[in-house]
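No lab work stands behind these numbers, since they all come straight from the coordinates. Since the model is a prediction, treat every value here as computed from it, not as a measurement. Cβ coordinates were reconstructed from backbone atoms using ideal geometry, including for glycine residues, and neighbour counts include every protein chain displayed.
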Amino acid sequence: MGLYNFQFSLHMRDIQVESVDTPQQLESFIRFPWQIYRDDPYWVPPYLSQLRKRLDIHRNPFFNYADRQLFCAYQDGKMVGTIAAIINHQHNLQLKERTGFFGFFEVINDPQVAVALIEAATTWLATKDIDCLRGPVNGAPTDEVGVLIFGHDSRPAIWEGHTPRYYQDLLEAQGFEKYDDVFAYEITNQELGNMLNGLPQKLLLVARNGRPHPQLVIRATDKKNWGRDILDAHLLYNTAFRSIPGHTDMRLEKFQQMVNSNKDLMDLDLTLIAKMGDAPMGFAVVLPDINEVLCHFDGEISYWGAARFYWYKWRIRTACFKLLGVLPEYRGRGIEAQIMYEMVQRVLKKNYDRMEISLASEKNIPMNRIIRRMGGRVYRTYRIYQRKI
């Protein structure tokens, strides 16, 4: 599989859609969002160096089990949109589907341009025996997903996207229907203390009065146990979330790459693992919101900008609760409450102003119920669409 191996050209009205076949086109594809969001104060420019790695099939292990083709749309010689067609073979094998995804969907407010981009992605996917198109999904399950349908007057947190209001209309006009809504919640520092009391009463008693099992140990990861903890967290990630409809396992090499790319950002005190003896039971990850830093840059951090980067990094005020998983056979025994209780106490000690909890699929009913009972308020909603090919 090569990086530039699919030639495609579609002409519609005065719109031309072409496959990305050169490094120059790839760079234009990556930088196009600046045209869409230049007047949006809530958009956070992506870190270009990381984005280039994510789209490189030779440097992103996701493409060891996935294929992708990128397209750009032009009008009168000017770029007016981008889209990626993606096949996640792990997803289709595990869920017995023939689903293709579209991602990196950025477009001017022109229905015909949107039609042309979707047509290009659909045409490529149809040649691969795909019968359903779903998105936006920018690759792996932990990458940005969905069109923002609520919360445009707020800034996205780490691992979240941001899209204009008109994207919803452009997709629904093409017959796309809702597949899933995913929510981002927030709880302020003042409310975090009450959050502990907001746990369901039964679970609160377990969390406060002792471990649900005397041999259960909940600890933060550290450099000494780093390698072992990564393997345990990978097992837990895949196993704990399989009960959520549509969840796909992540292969170890991709999981390791995801962790390592965020290692410098991680606060190991906020990365917890629960074990009984040598057996992992659950885990949780909270990350400082690096978007509070990246919003002050324009996609690149120069040598001289490094000092500014760390100045902002030390002043991050939001802790992002990104992952919480417990093995299915141990749910309902208070382990989730104990992990949550331990994590919130640690966040409070760090003096963050706000906790952000995301992203929670509406299909994950138990998790949404717990978050809302603790006082979490939805401040951003993303919608994933699909339609038959």
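Diffusion of the stretch 265-389 by Stokes-Einstein, at 20 °C in a medium of 1.002 mPa s and with Rh set to the Kirkwood radius over alpha-carbon pairs, works out to 128 µm²/s.
Compared with the alpha-carbon gap, the fully stretched path from Thr123 to Ala220 is longer by 30.1 nm at 0.36 nm per residue.
Listed cross-link partners Lys53/Lys388; Lys53/Lys363; Lys78/Lys388; Lys363/Lys388 are compared with a 23 Å cut-off, the Cα-Cα value being larger for Lys53/Lys388; Lys53/Lys363; Lys78/Lys388. Can you give me the Cα centroid spacing of the stretch 322-354 and the stretch 155-194 in angstrom? So the two Cα centres are separated by 23 Å. With the gyration tensor restricted to C-alpha atoms of the stretch 9-139, the semi-axes of the equivalent ellipsoid amount to 23, 19, 13 Å, longest first. Dipole of the chain computed with +1 at Lys/Arg Cβ and -1 at Asp/Glu Cβ about the Cα centre; of Val285, Cys132, Thr122, farthest Cα towards the positive end is Val285.
Along the chain, counting only chymotrypsin sites (Phe, Trp or Tyr not before Pro) with a DSSP assignment other than H, G, I, E or B and at most 10 other Cβ atoms inside a 10 Å radius, the longest segment between sites is 1-302. Each Lys and Arg Cβ is given +1 and each Asp and Glu Cβ -1; about its Cα centre, the stretch 186-382 then shows a dipole of about 520 debye.
With the charge dipole of the chain set up from +1 on Lys and Arg Cβ and -1 on Asp and Glu Cβ about the Cα centre, the Cα lying farthest toward the positive end among the listed residues Gly151, Leu192, Leu359 is that of Leu192. For Lys349, the lysines whose Cα falls under 29 Å of its own Cα, not counting residues fewer than eight places away in the same chain, are Lys202, Lys223, Lys224, Lys263, Lys275, Lys313, Lys322. Normalising by residue count, the stretch 186-382 has a Cα convex hull of 136 Å³ per residue. Dipole check for the chain: with +1 at the C-beta of Lys and Arg, -1 at the C-beta of Asp and Glu, and the Cα centre as origin, the magnitude is about 1500 Debye. A compact globular protein would have a Cα radius of gyration near 2.2 N^0.38 Å; the ratio found for the stretch 96-172 is 1.16.
Projecting label points 7 angstrom from Cα along Cα→Cβ for Arg165 and Arg331 puts them 3.7 nm apart. When the chain is treated as a GNM, springs tying every alpha-carbon pair under 10 Å, which of Gly100, Gly282, Gly227 comes out with the largest mean-square fluctuation? It is Gly227. A viscosity of 0.890 mPa s and a temperature of 25 °C, combined with the Kirkwood radius over C-alpha pairs in the Stokes-Einstein formula, give the chain a diffusion coefficient of 112 µm²/s.
When the Cα gyration tensor is reduced to axis lengths a ≥ b ≥ c, the ratio a/c is 1.5 or higher for the stretch 217-315, and with a/b above b/c it is classed as prolate.
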